[in-house]
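J.: What follows is a single structure, and I will ask about it in a moment.
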Amino acid sequence: MDKSRPAAPSRRRLLSLAAATGVATALGGLPAFTATAAPQRPTDSTPLKGSSRNRLWWQAPADEHSMIEQGLPVGNGRLGALASNDPGRELLLITDATMWTGGLNDTLDSDGQFPYGRDDFGSFTLLARLTVDIPDHDLSAVSGYRRTLDLAQGVIGTSYVRSGVTYERQVFASRPDDAIVLHFTQSGGGRYTGTVTLDGTHEETVQGTSFGAAFPNGLRYGAAVKAYGTGGSVRVKGALIEFSGCKDLTVVVSGGTNYAPDAASHYRDPSLDPEKLARTKVAAAAAHPADTLLRTHVADHKALFEQLDLSLGTSSAEQRSLDTWERIRARARDDVPDPELEAAYLQFGRYLMISGSRGSLPLNLQGLWLDGNDPDWMGDYHTDINIQMNYWMADRAGLSQSFDALTDYCLAQFPSWRKLTHDLFNDPRNRYRNSTGKVAGWAVAFSTNIHGGSGWWWHPAGNAWLCASLWEHYEFTRSRSHLTRIYPLLKSACEFWEARLITTTLPGTSKEVLVDDSDWSPEHGPQDAKGITYAQELVWALFDNYRTAARELKKDSAYAKTIGGLQDRLYLPKVSERTGWLEEWMSPDNLGETTHRHLSPLIGLFPGDRIRPDESTPPEIVKGATALLTARGMESFGWANAWRSLCWARLKNAENAYQLIVNNLRPSTDGGNGSAPNLFDIYEVEKGRGIFQIDANFGTPAAMIEMLLYSRPGHLELLPALPDAWAKSGSVTGVGARGGFVVDLRWRDGRPTEAYIRSVGGRTTTVAYGRSSRTVTLKPGASVTLRDFTR
Amino acid sequence: MRSSSYAPTAPARRSLRALLVLALTAATAAALPSAQAATPTPTTAAATSAASTSALAAKPYMGWSSWSMQSSKYPGLNPDGDYSYLTEKNVLKQADALAAKLKPFGYEYVNLDAGWWMDQAWKPGFDAYGRQKADPGRFPRGMKPVADHIHGKGLKAGIYLPVGLQKEAYGEGKVPIWNAGDCTTADVVYGDLRTTNGWDSAYKLDFSDPCAQKYVDSQARLFADWGYDFLKLDGVGPGSGKNGDQYDNVADVAAWNKAIAATGRPIHLEVSWSLDIGRIADWKKYSNGWRIDTDVECYCNTLVSWENSVDDRWDDLPGWTRHAGPGGWNDLDSLDVGNGDMDGLTKAERQSYATLWAIAKSPLYTGDDLTKLDSYGVSLLTNREVIALNQGSMPPARPITPSDPQQVWAAKNADGSYTVALFNLADRPAAVSADWAALGFTGKAAVRDLWNRENLGTYKDKVTQALPAHGSRLFTVTPRGTALTTTGYEAEAAANTLGGNASVADCPACSGGKKVGNLYVGGSLRFNDVVVAKAGTYQVKVAYVSGDPRSVEVSANGNGPTSHKFPSTGDWGTAETVSVPVSLKAGANTITFDSGSGYAPDIDRIDVPKSS
């Protein structure tokens, strides 16, 4: 956790630390939707004002049928919504991260793999739908419409003029008050008249202002709404709230489920009545004026948001005059860098992470946001890139606290994953079973749900990749408590591989090596390949990390030695003489799709760190990796572009890394790959049909940070891949560095002018720029400022 | 009316429309002088209609038509079978409602559509002279009392006929023609009984025999005697999905023009449907209005639907725009915006529908149930400022931007202000801007919102509004700035670079007498030295010629192209302009028009504002 991290001398930062600590304490097996302590209210009463740098804006609201491209997201880490901001009909599609159908899903299909349907495996679904109808404010009747998303404050704003009166509305999702708040105000003598409607999306019956129901899987859920205003009347009438002649209006909505992150209780808290709790929560929030709720929320949100600040340069007045969507289109059309837009895109990713990953389940394929109950791939957790990519940004971009949701998830699923592995993995019908006949530890399939279950095909190396992410968080934070928590997962994954690895003799030699059994390199080529690079690299990293963990925790030294022995015998990939590429399948032949989206064989380049463009790696390996990355191309899906960008950043090819970011900033049209008007990344499933997949919204910012700072324990490198577009001048503060540091960095004319390095647990590190390097030794909490960098 | 028991089925309509487009492409109408103004000027070309000498169609007519409700499958409308809504009782009920609710706003025609001579099984009835006879089931008192009742309300009465001699009236050629000596039906049609009209439901009249004119005279006489003030002549070709000599009904329309004149009663003659724009001179000469497009009705569970086919008009109308004027108007078909759910449209769609009809100066006749207008429908049908645009001296508006999903139409009013409509034809909300530069001025302008009846204040450089899906805004923009100064670049200038098959061609209507054409499949035109002082987005006015709507990719300085669809200029001898936003840098720029893989308009010249 963040406890060792020094707070900047601001009250907000102190507040954030308190909040973050509170989160960690609250999570010991308690349900995600639970009674919370009275929020700490800020005493500051100065007017809130954001900065245009961190504000996105649009000149049109969302269409009810295009919410995933046009709706604006809010979220308090658990409870989320997409808002349409239509003047005459505000629509919120409300989600709770735990609102899932399905179950343990422990009956395999005839091929020994997992079922993957919405009833058996399950799906992430909507919690509720809230509409606020204001009939006189039809969009065709208002002028000067504008809506904004203030990333720094975490507030959606809408304003427009109707018959000379300016109407404004704010929507935000408060974590301290555990509710979504809509606040409608006006200046000029206007009045609000209309209705508030709360509906379920699963055919629930709404009684008055709340509803409660249960899925066939036993998950209970509920939501409640409360409205209050001044100057007019607000009253409940049947299943509606009618308001009439109000000078201002506040609508508070909350809801959740009785999901509990605990395998022992089968992921339920039977004592929790979600509808009742939701009613309690909205009543508690409604006891306060909207302004108090807003200030409480903004203080909470800003504390996290301000942990990183970024400038990539200055945009032109012309660029600044455009709304976000026009700007996205102009960026693509004119191919002129728009550094402020590019920085805002990164901050949007951070906004999504703060909004979508705090105190509940981790971000799934759609983060926390839905426009219907049938998201592609169930809106689940994909373990062969997507969930990992979602969290590459967290530590790098100053949001270490948001990472905890992933750790909590893995730990809560672990007992169930282990049991399913024990019971099902060596099913004779499973083509990926261990031919050794042994089974131990845990494994997952390509998809996982929230019920301890898996979906689709077994994915042996998925455990190692999840462990790599968990381990990397430790490297960034040096949090001993985190290491202690994840250690059982790492060890159990090692046990799985100890049972699975098979011995083979390398052709033409007598050298015996250990390789992965029959497996599928995601998600192309042969489905029964042995020794796929993807698994070899991940298992090598798993073993390496486990040994370090055991050493640092002074545990299991004998077992660590055993694992070290296995690691020494692991086969590692070579470069194909035929293709010149790093091999993917222990074969000189290209057995898959040359430009395939996945970069599985390059996992040792990124997120792994075994392949480095320096003396530590044989040059032919770097060359083979570069050749493979080149062959994979520069045009793919958003997340695939982000991964490519990260790899090019690792290879210090700034312009390729940047181009891939630019590619993701292209506007999505007709469902094509790119950014939607709301900046959600769109994945083209088929021609003309694009869906939202959030990973690129996090992977792309991760790449941007990786271009500014490379780190591994004991070594930092400043501006490893700074593109010309950002070179003139810029700065970033709060970047996490592996090894336990946080770095602030300024640059001018492509060169660092100042680096401020704080230890959050790290002690000694080299700090390099170009070919020059210096060594810094700090005590935890101490800092140093470095200047005078030359290449 | 288009559909009937012998009408083509719905899917055929699209292919018919495609044929029409091909016909338009091939058409070579006489070149007309074209104004190079940014927007149509108030001095509309004088219509050549014979009728223009009278007061007929001095303004687009307003009223009600029976067809939308007849053609709909909306529950309860046609309980006695398809098209059964048309009865004396229903017509008079609607006439009464029109008189009570809409007459004060200028609505005056009550028009009966197809079927007044058909029984509920759609079997026609004729008098002893082969003329359509009132069906006693529908109109038990005959047609005259209907007209009398309508007149009694201070309204005008309209009636309907398909063109030609209906097959069932032929009577083996022995039926005498009224007041025509020995003429019989055998004498009025061709000996080979060739069929005509959009449904092939009639034998084509052969006007080389004077008996044919006598037959038309006899029908006109009947309508005059009954007291009708309006005739919709339907199924007229070329058009109505047909072309070729057999379906050329220009002689029929001319005969009707003559026959009506002979009655001495002013009867408005409207021809229908999807008329061939290549014969516009004839339609103007002989009629008071022409349906430019297919039916607006959807023949479904509502009266109309957005996609089938309200939204076609935005693309199909621009080629016709300049032909509208006193005496003859572009008829966009019924305006069904008054009934809410029964219309089959969203509120935004209803407003856009009413906006286009009003600014196009289309006749404004609703097909709604006037006894059940909702309040929003009433507000759309009775907005006096909007009606004034349609009925006043303003010329019809036309697009001043390309026909992209977000588009702007405008017309210059006599007082120097502009009527400006913003449209968002996309399926989701979008911001739409009208740039003053595209109207030809710069600086500030006052904006009045006509639908909302309020002044929005003063806007600099442009007005931008958020529009719902399929939405619109309608403004009067009064310039407070100065005229825009521009620099012109001729497409044919030697300094430009032509790519692919692009070539310079003569063009009498074009600036400099030349244009660049053959912009197809890789053809391109690059202006090489477009100089501006400051970087910015410029509204580049493009003069072009395009007999049908065509797209072109526009780019500056080799950057990413933006595809824009240019509206039809109606033929290949007329130039029009649209303004295209182009992002330019300070100093010299290139601007490229590239056909891409399709067919692009011919380019005459561009005018680049001196400031963005």
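The values are calculated or read from the model by the stated rules, or taken from the named source; none is laboratory data. This is a predicted model, so every value here is computed, not measured. Glycine also receives a Cβ, built like all others from the backbone with ideal geometry; neighbour counts cover every protein chain displayed.
J.: Taking A:I611 as meeting all but one of (1) under 27 Å from the mean Cα position of the chain (by Cα); (2) aliphatic (A, V, I, L, M); (3) farther than 25 Å from A:W471 by Cα; (4) in a loop (DSSP other than H, G, I, E, B), write down the number of the exception.
T.: For A:I611, the exception is condition (3).
J.: Criterion first (closer than 25 Å to B:D548 by Cα and not assigned by TED's automatic domain parsing to the domain that holds B:G596) does B:A411 satisfy it?
T.: The answer is yes for B:A411.
J.: Are any residues in the range A:108-150 of a type in the set (D, E, K, R), in contact (Cβ under 8 Å) with a residue 60 or more places away in the chain and within 14 Å of another protein chain (Cβ to nearest Cβ), and if so, which ones?
T.: Hits for the range A:108-150 are A:D133, A:R146, A:R147.
J.: Name every residue in the range B:475-492 that is more than 15 Å from B:A446 (Cβ to Cβ) and not β-branched (V, I, T), in order of residue number.
T.: Matches in the range B:475-492: B:A483, B:L484, B:G488, B:Y489, B:E490, B:A491, B:E492.
J.: Now for a separate question. Out of (1) away from chain B (no Cβ under 14 Å); (2) in a strand (DSSP E or B); (3) under 18 Å from A:L294 (Cβ atoms); (4) touching a helix residue (DSSP H, G or I) at 6+ places or on another chain (Cβ under 8 Å), the odd one out for A:Y167 is which?
T.: A:Y167 satisfies every listed condition except (1).
J.: Check A:N105 against each of (1) among the polar types (S, T, N, Q); (2) touching a residue at least 40 places away in the same chain (Cβ under 8 Å); (3) within 14 Å of chain B (Cβ to nearest Cβ) and name the one condition it does not meet.
T.: Of the numbered conditions (1) among the polar types (S, T, N, Q); (2) touching a residue at least 40 places away in the same chain (Cβ under 8 Å); (3) within 14 Å of chain B (Cβ to nearest Cβ), the odd one out for A:N105 is (3).
J.: Considering only strands (runs of 3 or more DSSP E) fully contained in the range B:418-466, which possess at least 2 residues that are facing another protein chain (nearest Cβ under 8 Å) and among the hydrophobic types (A, V, I, L, M, F, W, C)?
T.: B:430-435
J.: While we're looking at this one, here's another question. Which members of the range A:300-321 meet the condition of being part of a loop (DSSP other than H, G, I, E, B), more than 14 Å from chain B (Cβ to nearest Cβ) and in contact with a Leu (Cβ under 9 Å, 6 or more places away or on another chain)? Write out each step before concluding.
T.: Residues of the range A:300-321 part of a loop (DSSP other than H, G, I, E, B): A:306-308, A:312-316, A:321.
So of that shortlist, the ones also more than 14 Å from chain B (Cβ to nearest Cβ) come out as A:306-308, A:312-314.
A:Q307, A:L308, A:L312, listed by residue number.
J.: I'd like the residue in the range B:467-494 that is among the polar types (S, T, N, Q) and in a strand (DSSP E or B) and, out of all such residues, is surrounded by the fewest Cβ atoms within 10 Å (Cβ to Cβ).
T.: Here the residue is B:T482.
J.: For the range A:50-93: of the residues being charged (D, E, K, R) and closer than 17 Å to A:W369 by Cα, which is farthest from the other protein chains (Cβ to nearest Cβ)?
T.: Residues of the range A:50-93 that are charged (D, E, K, R), as a first pass: A:53, A:55, A:63-64, A:69, A:78, A:86, A:89-90.
Still in the list and also closer than 17 Å to A:W369 by Cα: A:63-64, A:69, A:78, A:90.
On the way: A:D63: 4, A:E64: 9, A:E69: 8, A:R78: 29, A:E90: 13 Å.
Selected residue: A:R78.
J.: Right, another one. Quick test of your reading of the structure: B:Y544 fulfils all but one of (1) more than 14 Å from chain A (Cβ to nearest Cβ); (2) in contact (Cβ under 8 Å) with a residue 12 or more places away in the chain; (3) touching a helix residue (DSSP H, G or I) at 6+ places or on another chain (Cβ under 9 Å); (4) more than 30 Å from B:R384 (Cβ to Cβ). Name the failing condition by number.
T.: Of everything listed in (1) more than 14 Å from chain A (Cβ to nearest Cβ); (2) in contact (Cβ under 8 Å) with a residue 12 or more places away in the chain; (3) touching a helix residue (DSSP H, G or I) at 6+ places or on another chain (Cβ under 9 Å); (4) more than 30 Å from B:R384 (Cβ to Cβ), B:Y544 misses just condition (3).
J.: Tell me which residues, restricted to the range B:547-558, are within 14 Å of chain A (Cβ to nearest Cβ) and small (G, A, S).
T.: B:S555, B:A556, B:G558
Rundown of residues vs (1) outside the structural domain of B:R550 (by TED's automatic domain parsing); (2) among the aliphatic types (A, V, I, L, M), yes/no style:
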residue	(1), (2)
B:A445	yes, yes
B:K460	yes, no
B:V477	yes, yes
B:E490	no, no
B:G512	no, no
B:G517	no, no
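J.: Can you name every one of the helices (runs of 4 or more DSSP H) wholly within the range A:322-417 that holds 1 or more residues which are over 18 Å from the mean Cα position of the chain (by Cα)?
T.: The helices (runs of 4 or more DSSP H) meeting that bar are A:324-334, A:339-356.
J.: Can you tell me which residue is farthest from B:Y228 (Cα to Cα) among those in the range B:143-175 that are in contact (Cβ under 8 Å) with a residue 60 or more places away in the chain and in a loop (DSSP other than H, G, I, E, B)?
T.: The selected residue is B:G164.
J.: Do any strands (runs of 3 or more DSSP E) lying entirely in the range A:648-713 carry at least 3 residues that are crowded, with 24+ Cβ neighbours inside 10 Å and modelled with pLDDT of 95 or more, and which ones are they?
T.: Passing ranges, in order: A:681-686.
J.: Between a residue in the range A:82-95 that is free of Cβ contacts under 8 Å to residues at least 24 places away in the same chain and any residue that is not in a strand (DSSP E or B), which pairs come within a Cβ distance under 6 Å, given they are 6 or more apart or on different chains?
T.: A:S84/A:P61; A:S84/A:A62; A:S84/A:G71
J.: If we only count strands (runs of 3 or more DSSP E) wholly inside the range B:505-588, which ones have 2 or more residues that are of a type in the set (D, E, K, R) and out of contact with any Lys or Arg (no Cβ under 6 Å at 6 or more places or on another chain)? Before the answer, list the steps.
T.: Working: elements: B:514-517, B:524-532, B:536-545, B:550-556, B:562-566, B:576-584.
Per the criteria, B:514-517, B:524-532, B:550-556.
J.: Another question, then. Would you be able to tell me the number of residues in the range A:511-527 that are without any contact (Cβ under 8 Å) to a residue 60 or more places away in the chain and either within 28 Å of the chain's Cα centre (by Cα) or outside any loop (DSSP other than H, G, I, E, B) (or both)?
T.: 3
J.: Output the residue which, of all residues in the range A:128-170 that are under 25 Å from the mean Cα position of the chain (by Cα) and of a type in the set (A, V, I, L, M), is nearest to A:L370 (Cα to Cα).
T.: Ranking the candidates gives A:A128 first.
J.: All but one of (1) outside the structural domain of A:V225 (by TED's automatic domain parsing); (2) modelled with pLDDT under 95; (3) not small (G, A, S) hold for A:N54; state the number of the condition that does not hold.
T.: (2)
J.: Give the number of residues within the range A:748-791 that are more than 18 Å from A:R478 (Cα to Cα), part of a loop (DSSP other than H, G, I, E, B) and touching a Ser or Thr at 6+ places or on another chain (Cβ under 8 Å).
T.: The number of residues fulfilling the criteria is 6.
J.: Taking the range A:618-639, which residues are outside any helix (DSSP H, G or I) and among the hydrophobic types (A, V, I, L, M, F, W, C)? Reasoning before the result, please.
T.: First, pick out the residues of the range A:618-639 that are outside any helix (DSSP H, G or I): A:618, A:633-637.
If the condition is that a residue be outside any helix (DSSP H, G or I) and among the hydrophobic types (A, V, I, L, M, F, W, C), then A:M634, A:F637 are the ones that fit.
J.: Please name all residue pairs, on different chains or six or more residues apart, with Cβ atoms under 9 Å, provided the first residue is in the range B:331-358 and is farther than 18 Å from B:D427 by Cβ and within 14 Å of another protein chain (Cβ to nearest Cβ) and the second residue is of a type in the set (S, T, N, Q) and part of a helix (DSSP H, G or I).
T.: If the second residue must be of a type in the set (S, T, N, Q) and part of a helix (DSSP H, G or I), the pairs left are B:V337/B:Q351.
J.: Shifting gears a bit: Taking into account only those residues within the range B:559-582 that are away from every other protein chain (no Cβ under 14 Å) and of a type in the set (G, A, S), which is surrounded by the fewest Cβ atoms within 10 Å (Cβ to Cβ)?
T.: Going residue by residue through the range B:559-582, those that are away from every other protein chain (no Cβ under 14 Å) are B:565-579.
This time we only want the ones that are of a type in the set (G, A, S), so: B:568, B:570, B:573, B:575, B:579.
On the way: B:S568: 27, B:G570: 27, B:G573: 20, B:A575: 25, B:S579: 25.
Checked the range B:559-582; the qualifying residue surrounded by the fewest Cβ atoms within 10 Å (Cβ to Cβ) is B:G573.
J.: Can you tell me how many residues within the range B:95-117 are surrounded by fewer than 22 Cβ atoms within 10 Å (Cβ to Cβ), touching a residue at least 40 places away in the same chain (Cβ under 8 Å) and within 14 Å of B:D369 (Cα to Cα)?
T.: 4
J.: Failed condition for A:T158, given (1) within 14 Å of chain B (Cβ to nearest Cβ); (2) among the polar types (S, T, N, Q); (3) within 19 Å of A:E242 (Cα to Cα), with all others met?
T.: Of everything listed in (1) within 14 Å of chain B (Cβ to nearest Cβ); (2) among the polar types (S, T, N, Q); (3) within 19 Å of A:E242 (Cα to Cα), A:T158 misses just condition (3).
J.: Considering each of A:L466, A:L470 in turn, give the residue that is more than 27 Å from A:M586 (Cβ to Cβ), of a type outside the set (V, I, T) and in contact (Cβ under 8 Å) with a residue 12 or more places away in the chain. Talk me through it step by step, then tell me what you get.
T.: Working: A:L466 fails: more than 27 Å from A:M586 (Cβ to Cβ).
Of A:L466, A:L470, the one residue that is more than 27 Å from A:M586 (Cβ to Cβ), of a type outside the set (V, I, T) and in contact (Cβ under 8 Å) with a residue 12 or more places away in the chain is A:L470.
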